[in-house]
There are 2 protein chains.
Amino acid sequence: MIMSRIEAPSDEKTGNLLDRLRAGLPSEAVLTDPDVTASYANDMASFCEAGVPAVVVLPRTVEQVQHVMRTATELRVPVVPQGARTGLSGGANASEGCVVLSLTKMDRILEINPVDRIAVVEPGVVNATLSRAVNEHGLYYPPDPSSWEMCTIGGNIGTASGGLCCVKYGVTAEYVLGLDVVLADGRLMSTGRRTAKGVAGYDLTRLFVGSEGSLGIVVRAVLGLRPQPPQQLVLAAEFPSASAACDAVCRIMEGGHVPSLLELMDRTTVKAVNDLAHMGLPETTESLLLAAFDTPDPAADLAAVGALCEAAGASQVVPADDAAESELLLQARRLSLTALEAVKGTTMIDDVCVPRSKLAELLEGVDRIAEKYDLTIGVCAHAGDGNTHPTVCFDAADPDESRRARESFDEIMALGLELGGTITGEHGVGILKKEWLAREIGPVGLEMQRAVKAVFDPLGILNPGKLF
Amino acid sequence: MIMSRIEAPSDEKTGNLLDRLRAGLPSEAVLTDPDVTASYANDMASFCEAGVPAVVVLPRTVEQVQHVMRTATELRVPVVPQGARTGLSGGANASEGCVVLSLTKMDRILEINPVDRIAVVEPGVVNATLSRAVNEHGLYYPPDPSSWEMCTIGGNIGTASGGLCCVKYGVTAEYVLGLDVVLADGRLMSTGRRTAKGVAGYDLTRLFVGSEGSLGIVVRAVLGLRPQPPQQLVLAAEFPSASAACDAVCRIMEGGHVPSLLELMDRTTVKAVNDLAHMGLPETTESLLLAAFDTPDPAADLAAVGALCEAAGASQVVPADDAAESELLLQARRLSLTALEAVKGTTMIDDVCVPRSKLAELLEGVDRIAEKYDLTIGVCAHAGDGNTHPTVCFDAADPDESRRARESFDEIMALGLELGGTITGEHGVGILKKEWLAREIGPVGLEMQRAVKAVFDPLGILNPGKLF
């Protein structure tokens, strides 16, 4: 992690802030020990500045969150909302002298309703906890970011997180029906609904999803659920080139198939996973494609997709025999980022998403960029969505390599935009990509986004320095 | 239609407006004949005021729309965007002296891409035209409002339209990936993306969907598509009571089934359809439920659902033998609103959506309200979504009956809110329900919505008097 500091507030101001916060929070909910507060400074992004928080608060009720925001508004103190800090764009990094507002203690599942197919949750519920709880009712909460065992629903809402499931089931945004939000001034606002449909007024729910804590504090969410699908079955296909694998992806999607995941790992990623976990993946292939179906007859679907892979030039197609074998292949995919991090100690994980018809061009471009900067860049991708994670491996102790890493990272984003894509498919803008947001959305879009921000946060105290 | 007029602009102001508009539009795109412009005054809602437009413009290009908006901003003239005016809330009604901006001539399908599963369209494309065009590529654009043979994609985006498909495929909002929007001052803004995923900045795309033309003019949309599912097969089940039918709906959804439609028609609606079209539907039942599946084995799914209907007390369960029989049943459902309109000459169509677990309570309440006001209220419903259309049948020439119709209509909305529902599942707020919006979203929500409106439309010229 590379940190830089912003101007610190005075001791007097901080003392006043702490007194005011303690007036409405139990003492154990206000953390000021510098060793402890420092541990809340960063999320999991590299190259993102972070300040030292003045205080970390851990409210357990909506009223306590309202108290925190009223206090922050009165004293004009920045507030940085945090979930599990598994984000990859610095969106949850502390700013100097801020109040870190950790929602992790608001972790109750308030309701699971199988008839209405909804769950009502507090923001600190861990994704995996919710997933398992709804499974017990025969229900399914699809969004499954790689960090799903740690990350919180509030954080998922903040970044509109994706995951492996998106190619069939979409991202977090599709599952957020309604929100209770504490505004910057402490007032409580409800958006959306708990019904299947609803169009009363502007869709402020979706405005908050993906807003990275910059518009208000989500304190309660109504989430849509689906019936639990059958266990998925996975197929692995080896390709002699990235472009052949991408061709297979296009044939599968054009053929009308609806895989429950369609993931790609390049040779670097495969080798990294083998090195880390000795999984015996085939290192001789350039591109490994994983496809899965959770349909009534997944074997039939895998056979059809396997044939398309062969037609696109796959050297080998291996359908998993059962759920256990399938789970092993998924584990390999889920380990990709961790494995790539082990290559050189540090990574920068890009998140460029392009129209899937442009996937091959993007991957070829990433290869060129890796060569140009003399770097190892492993690519794993939610190929079915065109959402790639080119992961730059570098030694943070080597200034020149670090510089090249940063430059190659940016060049990949530029390429993504050139191909009609976006700088971020699911990780968010945070600090890491804020200079790139303007390039993607243009000056008019940026002006309107800033104006919307000012409506909800006129004093600019909510997660300042992020997004814009 | 019941109309009232707002203050008219001066002749001089109108003359100036026409001159300025003609400077950037071909002559055939500027309509001023009072008989013609009057025909653009209303959408299909009852009880909604409408003024006489000063002019109707029919631009064919983005630049022409920009010219219209620049002119309107300079002269502070209200602009009312319109599609096919099939709306049911008065959202497209003219205000006195306004520019009616009809997007119906911008009706090109610009792209259909089977690999990326997107279509790029202008706003005036008719829903059915798009549906058929994508079908030819093996693709499917699900949103299917009742007016799908007439209504435009721009209008669908404006109201976030639903339809019969929503229980499985969701509403229009789920399919809008990106927009080009002409702002009130004539500037062009792009939102969203043409990729499967993307989280760069606030989701302004979704903010515009359902905004009823009050934030900007949609001039181009990137729409997500799905592969075409198998032909659906429909089952009809007769129930001795509304509550038994609602119980079946709950059992079906709780059982994890995913019907492609799940519709309810009450006895009044069934009789009205028979009277209009002699379809031979069973008039002796209190509630007719239609369920459909477009799965690989729809007959098996219908058998399972049929058994649940019987367990809930269905007196008869009749699966359609084939696609033709299925289509006939759907036709009956699609004729419902037209048939109910024929009962007394005029209708007010409510659009209350409740959590589906509350559907029985809502229907019982509607019965009570019909009795209290001595009115015929037929109910058809997207039962699987809890989205009901209680349709008040009345004689508009009878002032007392008209008054009772309006009061009963409001009482149904109050009941919907009481049951945790929304005043509008898919028709929008428009003029008809604007007093109710505040009751649903509360004062804080209303304040923030108005502030968002002011960001995009600081002069208040975009579809004034709607929504708020």
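The values are calculated or read from the model by the stated rules, or taken from the named source; none is laboratory data. What you see is a predicted model; the values in this text were computed from it and never measured. So basically every Cβ, Gly included, is an ideal-geometry build from the backbone, and we count neighbours across all protein chains shown.
Brief remarks on what is shown
- Complete set of residues in the range B:208-230 that are more than 7 Å from chain A (Cβ to nearest Cβ) and not in a loop (DSSP other than H, G, I, E, B): B:Phe208, B:Ile217, B:Val218, B:Val219, B:Arg220, B:Ala221, B:Val222, B:Leu223, B:Gly224, B:Arg226
- Condition met for B:Ala245 (out of contact with any strand residue (DSSP E or B) (no Cβ under 6 Å at 6 or more places or on another chain) and assigned to a helix (DSSP H, G or I)): no
- Residue-level check: of (1) closer than 22 Å to B:Glu283 by Cβ; (2) away from every other protein chain (no Cβ under 14 Å); (3) more than 24 Å from the chain's Cα centre (by Cα), B:Gly345 misses just (3).
- The criterion of being more than 7 Å from chain A (Cβ to nearest Cβ), out of contact with any strand residue (DSSP E or B) (no Cβ under 7 Å at 6 or more places or on another chain), surrounded by fewer than 24 Cβ atoms within 10 Å (Cβ to Cβ) and not in a helix (DSSP H, G or I) holds for B:Gly186.
- Test: A:Val99 is modelled with pLDDT of 95 or more, closer than 24 Å to A:Leu467 by Cα and crowded, with 21+ Cβ neighbours inside 10 Å: yes
- Residue match in the range B:418-439 (condition: within 10 Å of chain A (Cβ to nearest Cβ) and of a type in the set (Phe, Trp, Tyr)): yes
- Of all residues in the range A:447-458, those that are more than 8 Å from every other protein chain (Cβ to nearest Cβ) and more than 13 Å from B:Leu204 (Cβ to Cβ) have Cβ atoms under 7 Å from Cβ atoms of residues that are of a type in the set (S, T, N, Q) and outside any helix (DSSP H, G or I), 6 or more apart or on another chain, in A:Asp457/A:Ser214.
- Residue under evaluation A:Leu281, criteria (1) assigned to a loop (DSSP other than H, G, I, E, B); (2) facing chain B (nearest Cβ under 8 Å), criterion not met: (2)
- Meets criteria (at negative phi and free of Cβ contacts under 8 Å to residues at least 60 places away in the same chain) for B:Ala383: no
- Here A:Pro296 fulfils each of the conditions (1) assigned to a strand (DSSP E or B); (2) of a type outside the set (A, V, I, L, M); (3) more than 24 Å from the chain's Cα centre (by Cα); (4) under 30 Å from B:Pro230 (Cβ atoms) apart from (1).
- Flag for A:Leu467 being facing chain B (nearest Cβ under 8 Å), under 20 Å from the mean Cα position of the chain (by Cα) and on the phi > 0 side of the Ramachandran plot: yes
- The sole residue among B:Thr129, B:Thr191, B:Thr104 that is within 30 Å of A:Arg439 (Cα to Cα) and among the hydroxyl-bearing types (Ser, Thr, Tyr) is B:Thr191.
- Only listed residue being surrounded by fewer than 24 Cβ atoms within 10 Å (Cβ to Cβ) and β-branched (Val, Ile, Thr), chosen from A:Val167, A:Val176, A:Val219, A:Val209: A:Val219
- Neighbours by Cβ (under 6 Å, 6+ apart or cross-chain): first from the range B:229-252, assigned by TED's automatic domain parsing to the domain that holds B:Ala300; second aromatic (Phe, Trp, Tyr) and surrounded by fewer than 21 Cβ atoms within 10 Å (Cβ to Cβ): none
- The number of residues in the range A:94-119 that are away from chain B (no Cβ under 14 Å) and acidic (Asp, Glu) comes to 2.
- Test: residue in the range A:386-403 that is crowded, with 24+ Cβ neighbours inside 10 Å, among the hydrophobic types (A, V, I, L, M, F, W, C), within 11 Å of another protein chain (Cβ to nearest Cβ) and within 28 Å of A:Ala41 (Cα to Cα): no
- Test: residue in the range B:389-397 that is in contact (Cβ under 8 Å) with a residue 60 or more places away in the chain and touching a Phe, Trp or Tyr at 6+ places or on another chain (Cβ under 8 Å): no
- Index of the failed condition, B:Gly460 passing every other in (1) of a type in the set (Gly, Ala, Ser); (2) touching a Leu at 6+ places or on another chain (Cβ under 9 Å); (3) closer than 30 Å to B:Gly216 by Cβ; (4) outside any helix (DSSP H, G or I): (2)
- Of residues in the range A:147-162 being within 12 Å of chain B (Cβ to nearest Cβ) and within 26 Å of B:Cys353 (Cβ to Cβ), the one modelled with the lowest pLDDT: A:Ala160
- Count of residues meeting criterion [assigned to a loop (DSSP other than H, G, I, E, B) and either outside the structural domain of A:Gly87 (by TED's automatic domain parsing) or not aromatic (Phe, Trp, Tyr) (or both)] in the range A:13-57: 20
- If the condition is being at the interface with another protein chain (Cβ under 7 Å from one of its Cβ atoms) and either within 21 Å of B:Thr61 (Cα to Cα) or part of a loop (DSSP other than H, G, I, E, B) (or both), then the range B:163-182 contributes only B:Val171.
- In the range B:247-267, residue farthest from the other protein chains (Cβ to nearest Cβ) [restricted to those that are under 10 Å from B:Leu289 (Cα atoms) and not aliphatic (A, V, I, L, M)]: B:Asp266
- Checking A:Ala332, A:Ala323 one by one, the residue that is among the aliphatic types (A, V, I, L, M), closer than 18 Å to A:Asp294 by Cα and not assigned by TED's automatic domain parsing to the domain that holds A:Cys48 is A:Ala323 and no other.
- Verdict on B:Thr295 being among the polar types (S, T, N, Q) and within 14 Å of another protein chain (Cβ to nearest Cβ): yes
- A Cβ distance below 9 Å, combined with a sequence gap of six or more or placement on separate chains, defines the contacts here; from the range B:210-227, residues that are under 18 Å from B:Val125 (Cβ atoms) reach residues that are outside any loop (DSSP other than H, G, I, E, B) and acidic (Asp, Glu) in the pairs B:Val218/B:Asp180; B:Val219/B:Asp180; B:Arg220/B:Asp180; B:Ala221/B:Asp180; B:Val222/B:Glu111; B:Val222/B:Asp180; B:Gly224/B:Glu174.
- Residues in the range A:93-125 that are assigned to a strand (DSSP E or B), more than 25 Å from B:Asp385 (Cα to Cα) and touching a helix residue (DSSP H, G or I) at 6+ places or on another chain (Cβ under 8 Å): 3 in all.
- Test result for A:Thr205, in contact with a helix residue (DSSP H, G or I) (Cβ under 9 Å, 6 or more places away or on another chain) and within 11 Å of another protein chain (Cβ to nearest Cβ): yes
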